[in-house]
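Engineer: Before I ask anything, here is the structure I am working with.
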Amino acid sequence: MQLVTRSIRFRAAARLAVLLLAAATLAACATLPDGRSWGEDATIAPGWQRVRDAATGALESPRFWGPLLGAAVFQVDGWDRKVSNWARVHAPLFGSERDAVDWSDRLRTVSGYVYVASVLATPSGDDPQQWVLDKLRGAAVGLAAIGATDEESWLLKNAAGRERPNGLDTQSMPSSHTSRSAVLTELAARNVQSLDVTPATRRVIDFGLDVLTYGTAWARVESGYHFPSDTLVGMSLGNFNGAFFNDAFLGLGAASRGAQFSVTPLPRGAALTVRVGF
């Protein structure tokens, strides 16, 4: 009964983001506030200034460095392995290692569905032919971000050579399941910013998207395929690529999800700048 309750709970959480995006589609305008269509200005040559600004914004975001900081904390006093061992034995959310493997696949897949739904929900005008072209342009940016994330995850796995908790191989760092889910949900969250919805609705959708990524990450820990720090590094990688590719190549201008921090050196100290996106 307990396992059934867990499954229902996570299935409902995964479906929440899909339903919210479907509702947002009904509320969306035909075009963006500036009259342009989503995807219309996607480009492979954005210029070095925009690339630099996008990279700086992605690096300054807590969604990039926050998970990395968490991964570093897990190195203290062997917490990484201790939490991994505890999660494998008790499986508090998914019931067993086998079920955790299945749920990590499901939640990653739902992340993909949600991203596609967000692409379809964005305002790209009323002309059918132009709508299709703009969607393809915008989706190409997303596919580039996903492809870069997958490739970087593979390269890091081979460079790190970290053995998995279950001893299956040395592909533990980072978690590619988590990095894939993170880039998909980060891209979806950026797309939701193009919708004409209330800030409260946007926050609820963001929460649902985070449930998908964190659920995927924890499922990989309970399954014995990754240490907690592996999933956090994967999360950081996916969040960075989602933010960077969106802001650099989609042509919508820099967007932020949540707070961003930057530190500027001063003669007698430093200035902390906080930017909050709504």
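Engineer: Just give me the residues in region 65-99 being crowded, with 21+ Cβ neighbours inside 10 Å, of a type in the set (Gly, Ala, Ser) and closer than 19 Å to residue 162 by Cβ, in sequence order.
Structural biologist: Matches in region 65-99: 71, 84, 87.
Engineer: Separate question: Is there any pair linking a residue in region 215-226 that is within 18 Å of residue 67 (Cβ to Cβ) to one that is assigned to a loop (DSSP other than H, G, I, E, B) and of a type in the set (D, E, K, R), with Cβ under 8 Å and at least six apart or on different chains, and which?
Structural biologist: What qualifies is 225/164; 226/164.
Engineer: Would you mind finding the one in 198, 213 that is buried (at least 24 other Cβ atoms within 10 Å of the Cβ), of a type in the set (S, T, N, Q) and farther than 15 Å from residue 117 by Cβ? Lay out the reasoning, then the answer.
Structural biologist: Working: 198 fails: buried (at least 24 other Cβ atoms within 10 Å of the Cβ).
Among 198, 213, only 213 is buried (at least 24 other Cβ atoms within 10 Å of the Cβ), of a type in the set (S, T, N, Q) and farther than 15 Å from residue 117 by Cβ.
Engineer: Look at region 169-202 and say how many of its residues are in a loop (DSSP other than H, G, I, E, B) and modelled with pLDDT of 95 or more.
Structural biologist: If we filter region 169-202 for residues that are in a loop (DSSP other than H, G, I, E, B), which is where we start, we get 169-175, 193-198.
Then drop every residue that is not modelled with pLDDT of 95 or more, which leaves 169-175.
The total comes to 7.
Engineer: Would a scan of region 169-184 turn up a residue that is within 30 Å of residue 30 (Cβ to Cβ) and crowded, with 24+ Cβ neighbours inside 10 Å?
Structural biologist: For region 169-184, residues within 30 Å of residue 30 (Cβ to Cβ) and crowded, with 24+ Cβ neighbours inside 10 Å: present.
Engineer: Which numbered condition trips up residue 140, out of (1) outside any helix (DSSP H, G or I); (2) touching a residue at least 12 places away in the same chain (Cβ under 8 Å); (3) of a type in the set (Gly, Ala, Ser)?
Structural biologist: (1)
Engineer: Now, a different point. Give me the pairs, please: first residue somewhere in region 22-51 and at pLDDT below 65, second residue anywhere and aliphatic (A, V, I, L, M) and part of a loop (DSSP other than H, G, I, E, B), beta-carbon distance under 6 Å, and either six or more positions apart or on two chains.
Structural biologist: Once the first residue is at pLDDT below 65 and sits in region 22-51, its partners that are aliphatic (A, V, I, L, M) and part of a loop (DSSP other than H, G, I, E, B) give 24/195; 24/197; 27/197; 28/195.
Engineer: Out of curiosity, is residue 134 buried (at least 22 other Cβ atoms within 10 Å of the Cβ) and out of contact with any helix residue (DSSP H, G or I) (no Cβ under 7 Å at 6 or more places or on another chain)?
Structural biologist: Details: buried (at least 22 other Cβ atoms within 10 Å of the Cβ): yes; out of contact with any helix residue (DSSP H, G or I) (no Cβ under 7 Å at 6 or more places or on another chain): yes.
In short, yes.
Engineer: Considering only residues that are outside any loop (DSSP other than H, G, I, E, B), crowded, with 18+ Cβ neighbours inside 10 Å and not aliphatic (A, V, I, L, M), which ones fall in region 107-124? Can you show your working first?
Structural biologist: Of region 107-124, the ones outside any loop (DSSP other than H, G, I, E, B) are 107-121.
Filter once more, so that each one left must be crowded, with 18+ Cβ neighbours inside 10 Å: 107-108, 110-111, 114-115, 117-119, 121.
Across region 107-124, the qualifying residues are 108, 111, 115, 118.
The values are calculated or read from the model by the stated rules, or taken from the named source; none is laboratory data. Note that the coordinates shown come from a computational prediction; the quantities given were computed from them, not determined experimentally. Ideal geometry is used to build each Cβ from the backbone, glycine not excepted, and the neighbour counts take in all protein chains shown.
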